[in-house]
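Written out below as structure tokens is the structure these notes cover.
The values are calculated or read from the model by the stated rules, or taken from the named source; none is laboratory data. Bear in mind the structure is a predicted one, so any value in this text is a computation, not a measurement. Quick reminder, even Gly has a Cβ in these numbers, built from the backbone with ideal geometry, and neighbours come from all protein chains shown. Keep in mind that these areas ignore ligands, DNA and RNA; they rest on the heavy atoms of the full protein, side chains included. Shrake-Rupley method; radii C 1.70, N 1.55, O 1.52, S 1.80 Å.
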Amino acid sequence: RMTVFILKSALNSIRREAARFLIKETGGILIGYWTKSGNIVVTHASGPGSKAYNGYFSFEIDVVYCQGYLDYIFDTTGGALSYLGEWHTHPLGYGLNLSSTDSLNMHHIAMDKSYKCSAPVVILYRPKGSISKKGELLKIFFHSGEDNKKLLSRVKIIEKIHGYVLPTLP
């Protein structure tokens with residue numbers, strides 16, 4: 001099993017956004033890189049953008065906003081950091097398992113060459129204080145495009161990446 005390392009600053013971005021929508025779904029995109037050993041490092045997590053749809057049982061990102069966020073990070077790092085996948089919350093339904101819509105979206109991203117992401121990551125997040133009355137929880141899945149499998153990954157939260165200065169948003 002692979003490990004997904006997530007910078008605490010990226011996790012804090014997810015936490016802040018999720019706190020704004022405790023009973024509605026929200027999310028955004030994940031940016032970072034693959035390591036030589038086949039693990040993933042998430043360095044940035046966007047919000048949904050002002051034109052996103054946040055429903056009780058569904059969520060759609062503001063594509064223009066998220067593309068701009070990705071373009072800025074990609075350009076600032078000379079392509080060292082790129083799109084890894086998406087994150088979202090399931091505050092009312094599904095628990096923290098992939099819905100059929102989530103699975104289809106992962107497959108679409110993996111197969112669509114314009115994403116340049118054959119193994120997208122999905123982080124499902126339940127914020128502390130959500131309607132479930134349970135504590136914070138992260139579940140991370142990635143899609144193996146060749147055989148259409150969704151695999152659960154280990155997660156490790158890290159404080160910083162040694163020797164690497166991350167770009168910040170303006």
- Restricting to strands (runs of 3 or more DSSP E) lying wholly in segment 1-49: which have 3 or more residues that are more than 16 Å from Glu136 (Cβ to Cβ), touching a helix residue (DSSP H, G or I) at 6+ places or on another chain (Cβ under 9 Å) and open to solvent by less than 10 Å² (accessible area, probe 1.4 Å)? 27-34
- Hey, Ser118 open to solvent by less than 80 Å² (accessible area, probe 1.4 Å), out of contact with any helix residue (DSSP H, G or I) (no Cβ under 9 Å at 6 or more places or on another chain) and at pLDDT below 85 or not: no
- Item | Output for segment 84-96, where each listed residue is in contact with a Lys or Arg (Cβ under 8 Å, 6 or more places away or on another chain), under 21 Å from Phe5 (Cα atoms) and either of a type in the set (Asp, Glu) or at pLDDT 80 or above (or both) | Thr89
- Task: Scan segment 50-83 for residues that are modelled with pLDDT of 95 or more, outside any strand (DSSP E or B) and farther than 22 Å from Lys113 by Cα and jot them down.
- Result: Ser50, Lys51, Ala52
- When only residues in segment 141-161 that are among the β-branched types (Val, Ile, Thr) and modelled with pLDDT of 80 or more count, which is most open to solvent (accessible area, probe 1.4 Å)? Ile157
